[in-house]
Each structure stands twice: as structure tokens, then as C-alpha cells.
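Read-outs: derived from the displayed coordinates by stated rules, not from any lab. No experiment lies behind these values; they were computed from the predicted model shown. As a convention, Cβ positions derive from the backbone with ideal geometry for all residues, glycine included, and neighbour counts pool all protein chains shown.
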Amino acid sequence: MTLLERYRYYGELIVNFFRWDLQLHFFWGFVLTLCGVYWQPLLLSGLIVTVVKESLDVWSKGHWSWGDFWCGIGGCVLAFGFLLSVELLSWDEWRTLLRIYLNP
């Protein structure tokens, strides 16, 4: 198997496992959460948009897509992990934000 054939094989395998719509949900969850670096309320936007979008799907299409939901949440979690690992977000800031949003 040549390098090109191996590349095509793995590419098809990934696309078959993670459909384009699932990749899109992951991407939006990741990017919206990363925007929290510039304005902290956006840290929760990836999570909020994922839940709202799936709620609207239940209302309009009549079903909840767990694949879309988990890929969106996965993007948010990976973005949080990235922000914490490069120290753009600290645990203290995260706890403070949660206290602000969860205790009105």
C-alpha cells in the first residue's frame, strides 16, 4: 500500500465514522468556546449553542440527535482543555465564571 492509498483509506475511514455534519458540530463547539479568550462570557457559548440547536431540532424535526450533541460537547471540552493547557484560562477564572453564571 503506497502512502497515497493509505492516506485515502484513512481519510475515508474518518469521514465514514465522523460525518460532515458531526465534524461541523465539533468545529462550532470548539471555535465558539475558543472565542472566550477575547470575551469571557463566550466561554460557555459553545455549550449553549449546542444545547439550543438540538432543542430547536426537537421542536422542528421531532427528534434529538445524540451524535450532534456529543460532537458539539466534545468540541467544547477539547477547547477548554486547550485553553487550560496553554494557560489562557486558569481554574480560578473558570470557577469565578461558574459562580457568576450559576448563582444569580
Working from Cα positions, state the angle (0 to 90°, nearest 10) between the long axis of helix 3-17 and the longest principal axis of the chain. 50 degrees
Let a ≥ b ≥ c be the square roots of the eigenvalues of the Cα gyration tensor of the chain; is it rounded (a/c under 1.5), or, if not, prolate (a/b larger than b/c) or oblate? oblate
Subtracting the Cα-Cα distance of Q23 and Y101 from 0.36 nm times their residue separation yields 25.2 nm
So if R0 is 35 Å, what FRET efficiency would R8 and V77 give, r being the distance between their Cβ atoms, rounded to the nearest 0.05? 0.70
Please report, in debye to the nearest 20, how large the charge dipole of the chain is about its Cα centre when each Lys and Arg carries +1 at its beta carbon and each Asp and Glu carries -1 there. 80 debye
If a/c stays under 1.5 just call it rounded; otherwise compare a/b with b/c (prolate if a/b is bigger, oblate if not). Do that for segment 34-82, with a ≥ b ≥ c from the square roots of the Cα gyration tensor eigenvalues. oblate
Karplus-derived 3J(HN,Hα), 6.51/-1.76/1.60, for each residue of segment 62-75, Hz, glycine and proline x: x, 8, 9, 9, 5, x, 4, 4, 5, 5, x, 5, x, x
Helix 45-61 axis, angle to the chain major axis (alpha carbon atoms, nearest 10°): 70 degrees
